[in-house]
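S.K.: Sharing a structure with you now.
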Amino acid sequence: MKKTILLTLAGLLLSFGAYCQKIADMKSTYFEVRKYYANPGKLDELIKRFQDHTVALFEKSGMENIVYFLPVENNDNSLTYILGYPDEESRDRMWDQFLNDPEWKSAYEKSIVDGALVSRIDQIFMTLAPGLNEMSMPSESGIFQLRIYTCFDGKLENLITRFKDHTQELFQRQGLKNYPYWITSEKAGAQPKLVYLLGHQDQAAFEAAFQAFLKDPDWIAARDASEAEGKIVEKVDATFFKTLPFSPIK
């Protein structure tokens, strides 16, 4: 009996180690946030199509599945996920391969016999934020918040420096978990935004921890020092999500 228990524990530890290794060693350098707005009554079917077909076929085409989740307050009947690619140039090639895969064509056609599952798709393209992905990726969280920061003109580097020197460590102090950090790829010279995932065990614990972070004297001092020459952040968009069972990040 003891031997069986030890073998089971060893297996669990190996599985956990493999999970951490996979997240910590993301191969991608170019990323895409894709938000799907499901047609009325079609969200469950959309999730099933991802679970049964799409996720595996993405991998088959060379894409990296990062995270799949639903908003806690799903007022727009949506599903959001993040894919990774080796580089920007490979993105279109991989999508062309995926869309022309006979397995995908068959699964897609069968799934829309009673009507299209998706009404529209929003996209955000991103690269890894410099200097903000040095920490080991954490274990599972029960809740995530996707946070998007719009900076005042010329202030993105100030924000990245503040996160690197202070914010990430102060999040950890309160039990908040740092997941990947990205910056958006913008067109026509627009300033990129900072995008990242923050996790905790549940929404109540997250909100309590975040309030504790905001009141931390070390955070207040770091914030005030960084804003000596003016405010850095113009706007923050934050949405709570729960991951789907097939999501690599959980």
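S.K.: Could you give the length gained by full extension between D87 and E227, i.e. 0.36 nm per residue of separation minus their alpha carbon distance, to one decimal place?
M.R.: Numbers: separation 140, 0.36 × 140 = 50.40 nm, distance 3.45 nm.
Extra length available between D87 and E227 comes to 46.9 nm.
S.K.: May I pose another question? Can you compute 3J(HN,Hα) from phi for each residue in region 202-209, using the Karplus curve 6.51 cos²θ - 1.76 cosθ + 1.60 with θ = phi - 60°, rounded to whole Hz and x for Gly and Pro?
M.R.: Residue by residue, region 202-209 yields 7, 5, 4, 5, 4, 5, 5, 5 Hz.
S.K.: How many lysine pairs in region 141-250, separated by 8 or more positions in sequence or lying on different chains, have Cα atoms less than 22 Å apart?
M.R.: 21
S.K.: Across region 129-243, how large is the tail of the calculated P(r) beyond 21 Å, expressed as a percent of all Cα pairs? Write out the running numbers ahead of the final one.
M.R.: Details: 2365 of 6555 pairs.
Tail of the P(r) past 21 Å holds 36 percent of the pairs.
S.K.: Further question on the same structure: Post the alpha-carbon centroid distance, region 71-139 to region 179-250, in whole angstrom.
M.R.: About 22 Å separates the Cα centre of region 71-139 from the one of region 179-250.
S.K.: A further question on this structure: On the Cα set of region 65-199, report Rg and Dmax in Å, please.
M.R.: Spelled out, the Cα radius of gyration and Dmax of region 65-199 are 17.8, 53 Å.
S.K.: Here's a follow-up. Using the Kirkwood radius built from alpha carbon pairs, what does the Stokes-Einstein equation give as D for region 30-127 at 25 °C and 0.890 mPa s, in µm² per second?
M.R.: Numbers: Rh = 14.0 Å.
D, rounded to a whole number, is 176 µm²/s.
S.K.: While we're looking at this one, here's another question. Positive end of the charge dipole of the chain (Lys, Arg +1 and Asp, Glu -1 on Cβ, about the Cα centre): tell me which of T184, Y85, L43 has its Cα farthest that way.
M.R.: The listed residue farthest towards the positive side: L43.
S.K.: Between the DSSP loop rule and a limit of at most 15 other Cβ atoms within 10 Å, which trypsin sites (Lys or Arg not before Pro) in region 167-207 are left?
M.R.: For trypsin sites (Lys or Arg not before Pro) across region 167-207 that sit outside H, G, I, E and B with at most 15 neighbouring Cβ atoms in 10 Å, the list reads K187.
S.K.: Could you list the GluC sites (Glu not before Pro) in region 67-164 that lie in coil according to DSSP, counting only those with at most 13 other Cβ atoms within 10 Å of their Cβ? Provide the component values of the computation, followed by the final result.
M.R.: Details: sites: E73, E88, E89, E103, E109, E134, E140, E157; in loops: E73, E134, E140.
Counting only loop positions with at most 13 other Cβ atoms within 10 Å, the GluC sites (Glu not before Pro) in region 67-164 are E73, E134, E140.
S.K.: Given the Cα-Cα distance of Q172 and N75 and 0.36 nm per residue of separation, how much length would full extension add, in nm?
M.R.: So the chain would gain 31.9 nm between Q172 and N75.
S.K.: Note down the Stokes-Einstein diffusion coefficient of the chain in µm²/s, whole number, using a Kirkwood radius over alpha carbon pairs, 4 °C, and 1.567 mPa s. Could the numbers behind the result be given before it?
M.R.: Working: Rh = 19.9 Å.
Reported coefficient: 65 µm²/s.
S.K.: So how strong a dipole does the chain carry about its Cα centre when Lys and Arg Cβ are +1 and Asp and Glu Cβ are -1, to the nearest 20 debye? Display every interim value, and only then the final one.
M.R.: Details: 29 positive and 35 negative charges, 131 e Å.
In total the dipole reaches around 640 debye.
S.K.: What list of ³J(HN,Hα) couplings, whole Hz, do you get for region 71-84 from phi and the Karplus terms 6.51, -1.76, 1.60, once you set θ to phi - 60° and write x for glycine and proline?
M.R.: Values, residue by residue: x, 4, 9, 8, 6, 10, 6, 10, 10, 10, 8, 10, 10, x Hz.
S.K.: With axes computed from alpha carbons, what is the tilt in degrees of helix 88-99 against the longest principal axis of the chain, rounded to the nearest 10 within 0 to 90?
M.R.: Tilt of helix 88-99: around 30 degrees.
We did not get these values from a lab; they are worked out from the coordinates using the rules stated. Small disclaimer: the values here were computed from a predicted structure and weren't measured. Methodologically, a virtual Cβ is constructed for each residue, glycine included, from the backbone with ideal geometry; neighbour enumeration extends over all protein chains shown.
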